[in-house]
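The values are calculated or read from the model by the stated rules, or taken from the named source; none is laboratory data. In this text, all values refer to a predicted model and were calculated from it rather than measured experimentally. Cβ: placed from backbone, ideal geometry, glycine included. Neighbour counts: every protein chain shown.
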Amino acid sequence: MKTKRPQPAHQPRANRHAAEVSGPLPHVGEDDLYDLIIATDKPLLLILDEVTDPHNLGACLRSANAAGALAIVTPKHHSASVTDTVIRVSCGAAAVTPVVQVTNLARAMKKFQELGIWLVGTDDTATRTLHETDLRGAIGLVMGAEGSGMRRLTREGCDFLVKIPMMGSVPCLNVSVAAGVCLFEAVRQRISG
């Protein structure tokens, strides 16, 4: 990818970041995503259940792109959409990694499973850890919103629930940080064999 020349320091911050995204944002509908999954060897999806903070969505986009994820999937309602803030925080990832908003997340997750995707949900009460789970195949990593976590139907739709091992006293990670940890555990496993 061609690197753009830095903008003058006196230019407003938002304009500097807007220059990083060139061309139209990718539009991938639900049916298009199913076609992409079929055409992709070992697809990696990031599924966000009711993540409403645009800063978190932008950071998740950045990590998903860096990890080679095919797309981010969110419900159409009660979720952040791609705004200027999301685009800025994503540092260019919004221009190449689609955010696919689905009408019914539980139904979309069932379709993913029918297409061979294993759904791995994150839950701090799970007994299995992220590192004990095979993430080398076709995987959908499912994350819930901070505080409320995944909704019941989303949780029940997962094939496995895993937790990120925590050594300190905080109960959980920010969703964008947790997404990065999980995505790059999948990358580590895929690279190592």
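For (1) under 21 Å from Leu61 (Cβ atoms); (2) crowded, with 18+ Cβ neighbours inside 10 Å; (3) in contact (Cβ under 8 Å) with a residue 24 or more places away in the chain; (4) in contact with a strand residue (DSSP E or B) (Cβ under 7 Å, 6 or more places away or on another chain), each residue gets a yes or a no:
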{"residue": "Glu146", "(1), (2), (3), (4)": "yes, no, yes, no"}
{"residue": "Met150", "(1), (2), (3), (4)": "yes, yes, yes, yes"}
{"residue": "Cys158", "(1), (2), (3), (4)": "no, yes, yes, yes"}
{"residue": "Ser169", "(1), (2), (3), (4)": "no, no, no, no"}
{"residue": "Cys172", "(1), (2), (3), (4)": "yes, no, yes, no"}
{"residue": "Val175", "(1), (2), (3), (4)": "yes, yes, yes, yes"}
{"residue": "Glu185", "(1), (2), (3), (4)": "yes, yes, yes, no"}
{"residue": "Arg190", "(1), (2), (3), (4)": "yes, no, yes, no"}
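A quick yes/no check of all residues on (1) modelled with pLDDT of 95 or more; (2) hydroxyl-bearing (Ser, Thr, Tyr); (3) part of a loop (DSSP other than H, G, I, E, B):
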| site | (1), (2), (3) |
| --- | --- |
| Ala106 | yes, no, no |
| Lys110 | yes, no, no |
| Leu135 | yes, no, yes |
| Cys172 | no, no, yes |
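Taking region 57-91 as the range and being crowded, with 20+ Cβ neighbours inside 10 Å, over 26 Å from Lys110 (Cα atoms) and either more than 12 Å from the chain's Cα centre (by Cα) or polar (S, T, N, Q) (or both) as the test, the residues that pass are Val86, Ile87, Arg88, Val89, Ser90. Return the residues of region 54-78 that are assigned to a loop (DSSP other than H, G, I, E, B) and either among the basic types (Lys, Arg) or at pLDDT 95 or above (or both); say none if nothing qualifies. Answer for region 54-78, where residues must be assigned to a loop (DSSP other than H, G, I, E, B) and either among the basic types (Lys, Arg) or at pLDDT 95 or above (or both): Ala67, Gly68, Ala69, Leu70, Lys76. Residues in region 161-176 that are of a type in the set (A, V, I, L, M, F, W, C) and under 14 Å from Ile47 (Cα atoms): Leu161, Val175.
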